[in-house]
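Presented below is the structure to which this report refers.
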Amino acid sequence: KACLLPPLKSISIPDGVVRIGNGAFENRTTLTEVHIPESVKEIGFGAFCSCYRLAGIHLPNGVTKVESRAFDSCESMAHIELSDSLTRIEEAAFIGCDSLTSIRIPKSVTKIEGWFVAHCNQLREIHFESKGLKSAKWNAEILKGVDKSKCTIFVPNGTKEMYGAHPAFEGFRIVEEN
């Protein structure tokens, strides 16, 4: 028999939780809001997958890793605020977030895997804060599935050439900003 869970609109993860587990809130189609405490370090595989009504997410300082498909198909997600302590974004972490128009990648991020924002059909801006890619392990397919004709890449002053030389940014319009 299937276990039917009551509909949730909002949830506050208790302080002290260190990891939001794999599939923890998967398919919670009525969920619109999540509050994550600073104690959380990792968001597990598919943790919020198919939470179609989740409008946005704030990952507080402390979160260092977002695993694969953590926010897959969160179609209503219009804003994502990533932690300044985030170091790793795994494959397809934000795939299919159709309402997302912009995302900022903090300079703390040293590893990004492929397709991390693929099929985010409204995505128009990606702001990368890192001034050095030498130590970063960024997959050549990190922007696979992003519409190059509609999305602009913003990078720190003096880094346009460096970003432009990385295969992941081929064909994108790259603009330097302060």
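Quick check on my filter: what residues within region 136-167 are of a type in the set (A, V, I, L, M), outside any loop (DSSP other than H, G, I, E, B) and buried (at least 18 other Cβ atoms within 10 Å of the Cβ)? Before the answer, list the steps.
Restricting attention to region 136-167, the residues satisfying the condition of being of a type in the set (A, V, I, L, M) are 136, 140, 142-143, 146, 153, 155, 162, 165.
From what is left, the residues that are outside any loop (DSSP other than H, G, I, E, B) are 153, 155, 162, 165.
Scanning region 136-167 gives I153, V155.
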Where P60 falls short, out of the listed (1) under 12 Å from the mean Cα position of the chain (by Cα); (2) under 19 Å from R19 (Cα atoms): (1)
Boolean, L31 is among the aliphatic types (A, V, I, L, M) and open to solvent by less than 40 Å² (accessible area, probe 1.4 Å): yes
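Just one of G46, G23 is of a type outside the set (D, E, K, R) and either open to solvent by 10 Å² or more (accessible area, probe 1.4 Å) or not in a loop (DSSP other than H, G, I, E, B) (or both); which is it? So that I can check it myself, show each step before the final result.
Values: G46 fails: either open to solvent by 10 Å² or more (accessible area, probe 1.4 Å) or not in a loop (DSSP other than H, G, I, E, B) (or both).
Only one candidate passes the filter, namely G23.
When you go through G145, G96 one by one, which is the residue that is in contact (Cβ under 8 Å) with a residue 40 or more places away in the chain and over 17 Å from G164 (Cα atoms)? Can you show your working first?
On the way: G96 fails: in contact (Cβ under 8 Å) with a residue 40 or more places away in the chain.
Only one candidate qualifies: G145.
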Flag if I103 is out of contact with any Gly (no Cβ under 8 Å at 6 or more places or on another chain), open to solvent by less than 20 Å² (accessible area, probe 1.4 Å) and part of a strand (DSSP E or B): yes
Region 3-20, subset of a type outside the set (A, V, I, L, M, F, W, C) and surrounded by fewer than 15 Cβ atoms within 10 Å (Cβ to Cβ), residue farthest from S83 (Cα to Cα): P6
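In this structure, is S68 at pLDDT below 95, of a type in the set (S, T, Y) and either out of contact with any Lys or Arg (no Cβ under 8 Å at 6 or more places or on another chain) or open to solvent by 40 Å² or more (accessible area, probe 1.4 Å) (or both)?
Values: at pLDDT below 95: no; of a type in the set (S, T, Y): yes; either out of contact with any Lys or Arg (no Cβ under 8 Å at 6 or more places or on another chain) or open to solvent by 40 Å² or more (accessible area, probe 1.4 Å) (or both): yes.
It is false that S68 is at pLDDT below 95, of a type in the set (S, T, Y) and either out of contact with any Lys or Arg (no Cβ under 8 Å at 6 or more places or on another chain) or open to solvent by 40 Å² or more (accessible area, probe 1.4 Å) (or both).
If you scan region 105-121, which residues turn out to be out of contact with any Phe, Trp or Tyr (no Cβ under 8 Å at 6 or more places or on another chain) and either basic (K, R) or touching a residue at least 40 places away in the same chain (Cβ under 8 Å) (or both)? Please lay out each step first, then the result.
We begin by selecting, within region 105-121, every residue out of contact with any Phe, Trp or Tyr (no Cβ under 8 Å at 6 or more places or on another chain); these are 106-110, 113-115, 118-119, 121.
Across region 105-121, the qualifying residues are K107, E113.
The values are calculated or read from the model by the stated rules, or taken from the named source; none is laboratory data. In this text the structure is predicted, and so the values were computed from the model without any measurement. A quick note on method: Cβ atoms are made from the backbone with ideal geometry, for glycine too, and the neighbour counts reach across all protein chains shown. In case anyone asks, the SASA skips ligands and DNA or RNA and just uses the protein heavy atoms, side chains included. Shrake-Rupley method; radii C 1.70, N 1.55, O 1.52, S 1.80 Å.
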